[in-house]
Amino acid sequence: MPLRVRPIAHGSADYAAAINLRRAILRTPLGLDFTSAQLAAEADDTHLGAFDGDDLVGTVLIAPYDDVTAKLRQMAVDDEQQGKGIGAQLLSAAEDAARAAGKTRITLAARLTAQAFYERHGYAAEGNVFDEVTLPHISMHKSL
Ligand SMILES: CC(C)(COP(=O)(O)OP(=O)(O)OC[C@H]1O[C@@H](n2cnc3c(N)ncnc32)[C@H](O)[C@@H]1OP(=O)(O)O)[C@@H](O)C(=O)NCCC(=O)NCCS
C-alpha cells in the first residue's frame, strides 16, 4: 500500500494514534511522557500523519513561531519503518503546510542524532548545542 501523508485533527482517533507513536518514539525511551497541558497547547497546530493503509507510521507537527516562521516539532517515525523515506515525505509535507500558512522559513530543535537527516534536506544548524528532554539538541532552520 502506498504511503499517504495527510492532516490529522487534534482530538481525533488518528491524533490518539499519533500521541501513542510520539510517546513510544520520543518520550518513553527517555522515561518521560506528555502532560495534558502540553497536548492542550498544540490544539491549534497543524498535525500530519504518514499512513500505510490505516496504520499510522509517522507523524510531525507545524506550529506558528513568528510572522514568517513556522516551528517543526515532534517528528517521529515508527522504529521498524525508519530509513525508508517516510521522514523525508513528512518533512516535505510539513514544508508545504508551512508555505500554505504563508510562512517562508522553518525552525526546529534537532536531536544531534537527527542533524544529518535535516542537513540532507537543506536545514542549517545555528548556535550552540543545548539540552532538551535530557538529550543534546541544536537549532536548525531552512528558508522555504
Ligand atoms: C529522524 C527520523 C524522523 C527520520 O525519519 P526516517 O523515516 O527514518 O527518515 P528517512 O527514511 O527519510 O531518512 C533517514 C535515512 O534513511 C536513508 N533513506 C531514506 N530513504 C531510504 C531508502 N529508500 N532506502 C534506504 N535508505 C533510505 C536516508 O539517506 C536517511 O539518511 P540520513 O539520516 O543520513 O539523512 C526517524 O529516524 C525517527 O523518528 N527517529 C527517532 C526520533 C527522532 O530522532 N526524531 C527527530 C527528533 S528532532
Dimensions of the chain along principal axes (Cα, Å, largest first)? 38, 35, 32
Net charge around Val68, counting only other residues with Cβ within less than 13 Å of its Cβ (Lys, Arg = +1; Asp, Glu = -1)? +3
P(r) tail for the stretch 1-85, what percent of Cα pairs lie past 18 Å? 42 percent
Using 0.36 nm per residue, how much length does the chain from Thr113 to Ala16 gain when fully extended, once their Cα-Cα distance is taken away? 32.3 nm
Highest to lowest packing among 42-48, 29-35, scored as the average C-beta count within 10 Å: 42-48, 29-35
222 nm [θ] for the chain, helices only, -39500 (n - 2.57) per DSSP H run of 4+, per residue, to 500? -7500 deg cm²/dmol
Expressed as a rounded percentage, what relative contact order does the stretch 3-104 have, with Cα pairs under 8 Å and six or more residues apart? 28 percent
How much net charge surrounds Gly87 when only the other residues with a Cβ under 12 Å from the Cβ of Gly87 are counted, with Lys and Arg +1 and Asp and Glu -1? +1
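Under a Cβ-Cβ cut-off of 13 Å, what is the net charge of the residues other than Leu21 that fall near it, where Lys and Arg count +1 and Asp and Glu count -1?
So the environment of Leu21 carries a net charge of -3.
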Using alpha-carbon pairs under 8 Å, 6+ residues apart, how would you state the relative contact order of the stretch 61-138 in percent? 27 percent
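Readers should treat all values here as calculations from the given coordinates under stated rules, not as data from a laboratory. Worth saying up front: this structure is predicted, and the values here are computed from it rather than measured. For neighbour counting, all protein chains shown are included, and Cβ atoms are generated from backbone atoms with ideal geometry for every residue, glycine included.
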